[in-house]
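Structure record follows, encoded as structure tokens.
What follows draws every value from the coordinates through simple rules; no lab data is involved. Given the structure is predicted, the values throughout are model-derived calculations rather than measurements. Note that we place each Cβ from the backbone using ideal geometry, even for glycine, and neighbour counts take in every protein chain shown.
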């Protein structure tokens, strides 16, 4: 089907690095207005660039963000499609990032610290043998993916989610599930550097050992240090 969308060009007076955020916000506007609906195929990168009066690079960046947020997906034989998901949660997640993406991610790490440091402490007290398997498996996957130069964002998300699950606190689990798309995006921003990937793997291994040894204080302290290191990476 043909999608009727507005063709107003984006502002060029702001920093060029913010163009992709404007594009994300524009697509969010199209969804709110009903120009894009579940299952619709997006125009190509070239067409979007022409509609918005920009180069293809910021369009590509914007589409990557939307994909990590779960807003779009590539469907073989069709192209890039709007995903059939909870539209209200999607719009909230996109809006969260477009207000001030750099500051929003820093705020997200503060929330993660409040949640995950406590979760690590509880997991060391309450973990089962099955929980240990669930925590260790993404570490092994992450180690393999680093050696093969593959992405590790999903492995990292699985590791942290397994610790939160091992805390046996249902509210922490629900909060983590709600933030999952944003958490995956934040990992894309912080784990694209090889040094950060290696540091993250070392922290994961040490946190796992502390939880396995039921050392709550060590698990919580290591998790706090791990998140602060990753948050610092946002400034580099």
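Computed values, structure above
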| quantity | calculated |
| --- | --- |
| Most to least packed among 112-120, 40-48, 24-32 [average Cβ atoms within 10 Å] | 112-120, 24-32, 40-48 |
| Spin-label model distance (nm) - residue 55 vs residue 212, 7 Å beyond Cα toward Cβ | 4.8 |
| Label-to-label distance, nm, for residues given as residue 47 and residue 232 (7 Å Cα→Cβ offset) | 4.7 |
| Inter-site label distance for residue 74 and residue 205 at 7 Å from Cα along Cβ, in nm | 3.3 |
| Amide N proximity, segment 199-214 versus residue 149 label position 7 Å along Cα-to-Cβ, cut-off under 17 Å | none |
| Anisotropy class of segment 101-233 from Cα gyration tensor, a/c 1.5 cut | oblate |
